[in-house]
């Protein structure tokens, strides 16, 4: 083991390790554990052998499942890891997917939420007939929308009595609303409790920033009626002119001749 870790001994190569581990599924229990220990001693990314999950059955391959589970819990979930974990058939006695999803939901909830949202939207946009044909033509399990919803519902039930807030994340609620809006009535009824988590969620409306109001342009009519401001010099000149007019003596009023003639006739 030490020679493997320091690089003096190479027992597995990146391009062939997956086939070796698949062949080891037929070995004895001790031989399988030894093969996994030697693999973990190499600096080979776990994503290289993650497709082995599609070959593992919970009743027939407990050794490989336990080794892989312990290694996955040390890893930060990637998109390929989440996809392969969700691709496992959903069975009440197979707790592999639920256990690793629960661990990731506690340690890396935001990363897991984004990956699940992407998978839900991608598989929801894919035609249902294409999904069924693809899954029936391939011997390996293919990820479908129904599989994702089944595993999500199992995770919801597993976290129901805990304080984990994984299902209150915005990406998860957005994905559930997206799927509920376009899935058929059978799925809506079957996963009604799961979809109910997102019923009260409303996306925040993006309001445009308030712009300052400009002063309205004055119309020609308003310009005519507007009083032009008077300067101080003009005010003083007008006031002095009015004072001069008041100081001038007023001319006596002339009597009309017609009135005096009328008065003499009356006498």
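The values are calculated or read from the model by the stated rules, or taken from the named source; none is laboratory data. Worth saying up front: this structure is predicted, and the values here are computed from it rather than measured. With ideal geometry, Cβ positions are generated from the backbone for all residues, glycine too; neighbour counts draw on all protein chains shown.
Cβ separations smaller than 8 Å between residues 6+ apart or across chains give the following pairs from region 1-30 residues that are free of Cβ contacts under 8 Å to residues at least 12 places away in the same chain to residues that are assigned to a helix (DSSP H, G or I): 9/3; 27/35. Listed conditions (1) at pLDDT 95 or above; (2) outside any helix (DSSP H, G or I) are all met by residue 153, apart from (2). Of the residues that sit in region 46-64 and are in a helix (DSSP H, G or I) and surrounded by fewer than 19 Cβ atoms within 10 Å (Cβ to Cβ), which one is farthest from the chain's Cα centre (by Cα)? Step by step, filter region 46-64, then rank; the result is 62.
Would a scan of region 97-113 turn up a residue that is outside the structural domain of residue 64 (by TED's automatic domain parsing), surrounded by fewer than 19 Cβ atoms within 10 Å (Cβ to Cβ), at pLDDT below 95 and part of a loop (DSSP other than H, G, I, E, B)? No, that holds for no residue.
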